[in-house]
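Please read the structure below before turning to the comments.
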Amino acid sequence: MSDLILFWHRRDLRISDNTGLAAARQQSTKVVGVFCLDPNILKPDDIASVRVTYMIGCLQALQERYTQAGSQLLILHDDPVQAIPRLALALKAKAVFWNWDVEPYSQKRDRAVIEGLKEKGIEFLPKNWDQLLHAPEDICTGSNQPYTVYTPFWKNWSNKPKPTPVETFAHAQGLTEVEKEKAKTAGVIELPSAKELGFVWDGELIIAPGEIAAQKRLKEFCTHAIEEYQQQRNFPATDGTSRLSAALKFGAIGIRTVWKATQQALENSCSLEAEASIRAWQQELAWREFYQHAMYHFPELAEGAYRDTFKNFPWENNTEYFQAWCEGKTGYPIVDAAMRQLNTIGWMHNRCRMIVANFLTKDLLINPQWGEKYFMQKLIDGDLSANNGGWQWSASSGMDPKPVRIFNPATQAQKFDPDAEYIRQWIPELRSVDTEYLITGKIPSWELQAIDYPAPIVEHKTQQKRFKERYQQQKVQLLR
Ligand SMILES: Cc1cc2nc3c(=O)[nH]c(=O)nc-3n(C[C@H](O)[C@H](O)[C@H](O)COP(=O)(O)OP(=O)(O)OC[C@H]3O[C@@H](n4cnc5c(N)ncnc54)[C@H](O)[C@@H]3O)c2cc1C
């Protein structure tokens, strides 16, 4: 057995402020990173090409960081349950360390890897949380139960002292030439491109990959924009949010570093408005944790509705409507603009995520799981917990205490895109149409004939009524 500790990166694609990696370095000077491209996850039908492209970019950046530190990041392309213990054994590693995750698949996989390591007499790091400010077990109600409502969760969570960023390392010892050869025979490969893995993305990325780029984005956002977040965050035509979601999803930035930046912004803020804005952004970070804790405690969320009323809901699931929604051709300009933003850049503004999810479920009466899956196929930041939480909230099938929330797309457009700037940005064929028509969604038929844009595929009021009837029927059935 050598002094080597392998550090298995998963959704923590950085060196700095990485708690598991810091623990590895404390126990040994010889720390080598490994990332396993998992064929169980990397399925082109399930995963967005833009997300894989961002992830591979982060891995390239991480390889550079390891090289600068004097060590290496090794790449495997195999089922981690076999590949990780096999590599550890071939390199005679004394331990494999990694950070724990909330997702059901990850936990099952990690338990299997632990069994494989135990069989070979290789140590591992017991459950270590890195991607969260507070472990799911640490935020509980007075009766020691997990929270199912956000507001009391936030009160408890925000009152707890937050951990500060951890020092990781500037230098670590890597593999010898002989060990590098052994690693190759145990399956280590060169890092492939996203294209080589079957994921083609030719567009730009909304955030450059890697930890340096994520730190830069955080710094830029926390220097000024964060102070106007509350006023700007709901207007999709404005660049008023951080766009850090992909970096947070893949851990290109540590959550303690992010929190510290918000604390510094609070110290530097000069007005009550600025302070309220910074707190509003902190609340979004808490939503991220709320949904991760929920997934950890209630893994059944990944399979379907949380509320009984929606467990067997009679969705209509019209495939033509679904296709129109996916392509941004529903005839509702604000919905279509949002879907085209998603299809074009692999990211959608939060306000619009709520609008399109509400529209799919309440206006088109389509199962939210269809939309949830489509988002995972398209989003750069696609994340099981946040996406599932957002869809369940929008479909009213989740933990949100409000029984049914129905958005009127026209009201949403009038409030949040009053000059139709966002609509015109993403639907070029509507650029010359009057603002009033665009935000009310009432484009006259003579105007529609002149442009290549559909009339509304459904009528909002009628669909709202149908949805409510079905909802009432479900409630009555449950009472029987
Ligand atoms: C239907 C639906 C699906 C969604 N799917 C995802 C998803 O797959 N991945 C994802 O990261 N977010 C998802 N969200 C949440 C939110 O829309 C995005 O996190 C946000 O738009 C990302 O942009 P930003 O980084 O500029 O956010 P900011 O406004 O700058 O927020 C900062 C960070 O807080 C977190 N955050 C913000 N809002 C939420 C929220 N409502 N729930 C959980 N975390 C939040 C994100 O990590 C985000 O990067 C979804 C929301 C809805 C309504």
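Throughout, read-outs are computed from the coordinates displayed, never taken from laboratory work. Everything numeric in this text was worked out from a predicted model, so none of it was measured. In this analysis, Cβ positions are derived from the backbone assuming ideal geometry, glycine residues included, and neighbour counts consider all displayed protein chains.
Would you mind estimating how fast the stretch 308-479 diffuses translationally, via Stokes-Einstein at 25 °C and 0.890 mPa s with the Kirkwood radius over Cα pairs, in µm²/s?
150
Taking R0 as 25 Å, what FRET efficiency do you get between I189 and K120 from their Cβ-Cβ distance, rounded to the nearest 0.05?
Here the calculated transfer efficiency is 0.70.
Given contacts defined as C-alpha pairs under 8 Å and at least six residues apart, what's the relative contact order of the chain, whole-number percent?
18
What span do the alpha-carbon atoms of the stretch 89-152 cover on each of the three principal axes, reported in whole Å from largest to smallest?
Largest first, the stretch 89-152 extends 50, 19, 18 Å along its Cα principal axes.
Over the Cα atoms of the stretch 1-129, Rg to Rh with Kirkwood Rh, two decimal places?
Rg divided by Rh gives 0.94.
Please go through the residue pairs K127/K475; K43/K311; K160/K373 and name each one whose alpha carbons sit more than 29 Å apart in this structure.
K127/K475; K160/K373
With r as the distance between the Cβ atoms of K43 and E320 and R0 = 25 Å, compute the FRET efficiency 1/(1 + (r/R0)^6) and round to 0.05.
With a Förster radius of 25 Å, E is 0.45.
So what is the relative contact order of the stretch 1-129, in percent, for Cα pairs below 8 Å that sit 6 or more residues apart?
Relative contact order comes out at 34 percent.
Under a crude label model (7 Å from the Cα following the beta-carbon direction), how far is T435 from V476 in nanometres?
Taking the simple label geometry, T435 and V476 are separated by 4.6 nm.
Suppose each label sits 7 Å from its Cα in the direction of the beta carbon; what would the E275-K468 distance come out to in nanometres?
Placing both labels 7 Å beyond Cα along the Cβ direction yields 4.2 nm.
Let me have the relative contact order for the stretch 308-479, percent, based on Cα pairs under 8 Å that are six or more residues apart.
28
Compute the distance from the alpha-carbon center of the stretch 9-32 to that of the stretch 121-143, in whole Å.
Cα centres, the stretch 9-32 to the stretch 121-143: 17 Å.
What is the Å³ per residue value for the convex hull set by the Cα atoms of the chain?
156
How big is the Rg/Rh ratio for the stretch 66-181, C-alpha atoms only, Rh by Kirkwood, two decimals?
Rounded to two decimals, Rg/Rh equals 1.07.
Over the stretch 216-362, what portion of Cα pair distances is larger than 27 Å, expressed as a whole percent?
37
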